[in-house]
Amino acid sequence: MKSFVVENEHLTRQKEIIPMEVLNTPITVIGAGAVGSWVVLSLAKMGFHDITVFDDDTITIENMNCQFYPHDAIGQSKVAALHRMVKQFANVEIHALAHRFTGREQLTSIVISAVDSMTARKLVWDSAKANKAVTMFIDPRMGAEMALMYSMNPKDAKDITSYEKTLYSDKEAVMERCTAKATIYTANLLAGLVVKAVKDAVLNAPRTRVAQWDIGKNQVQMYSSEAKPTPAKPKTKKKN
């Protein structure tokens, strides 16, 4: 009997959820740390293959508790190690750029800003707004047990106004203690929210615009792009 290989057979269990045709969407991930490294792996596992990653950092011992890197990669470039591991785990060749995003690079479709400073976040946002091809901007922010995600259309006036109110300065940022900065479960949960936002974006489906998750207290709030205020019920006069 003649054997054959089904193309993309490893994606068959999700094809009614994530159609094959959307997997060509270009995605740029800026930052390959606690959230970015898991996001890139997850996107590749989902079948996305046009993934560009920017990061000029190297792997250190402090990254071992919550980032997608092995101990034998300490001292290596994050994007070089990520390129190798994503190929091994998902058979996808990412575009790994071992330099800091400057804002002059061309961006398309979906941009994920997995950076660790407000200065860098504003730079990526301004670049996404200026690039006509960018359709969705996703900004995950992480504390030890706190996850926050914004999923915004950088061409929509309402989203622009709403998002830019969140761009405070680095001096105003709350600094956690060195021993209470990052946990693997927060990184993984937040990465899951991000890739779900990508799925909604490529399908043009209702999306979570803002998610606030206090993981330590088991409290979550999500605000949908389709959410509408409940109309007030008309007051009725009591009959005498």
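Is there a pair in Lys87/Lys199; Lys129/Lys158; Lys129/Lys217 whose C-alpha atoms are over 25 Å apart, and which pairs would that be? Display every interim value, and only then the final one.
On the way: Lys87/Lys199 21 Å; Lys129/Lys158 13 Å; Lys129/Lys217 35 Å.
Check vs 25 Å cut-off fails for Lys129/Lys217.
Report, in whole Å, the centroid distance computed from the Cα atoms of the range 59-120 and the range 179-213.
The range 59-120 and the range 179-213 have Cα centres separated by 17 Å.
Can you tell me, using C-alpha contacts under 8 Å and at least 6 residues apart, the relative contact order of the chain as a whole percent? Mind dumping the intermediate values first?
Values: 415 pairs, mean separation 43.0, N = 240.
Result for the chain is 18 percent.
Compute the label zone of Thr12 within the range 48-69: residues whose backbone N is under 19 Å from the point 7 Å along Cα-to-Cβ.
48
Cα gyration tensor of the range 1-151, axes a ≥ b ≥ c as square roots of the eigenvalues: rounded (a/c below 1.5), prolate (a/b > b/c) or oblate? Working shown, then result.
Numbers: a/c = 1.86, a/b = 1.29, b/c = 1.45.
Because a/c hits 1.5 or more and a/b fails to exceed b/c, the range 1-151 counts as oblate.
Just so you know, all these numbers are worked out from the coordinates, no wet-lab data involved. As the structure is a computational prediction, the values presented were derived from the model and not from experiment. Positions of Cβ are backbone-derived with ideal geometry, glycine not excepted, and every protein chain shown enters the neighbour counts.
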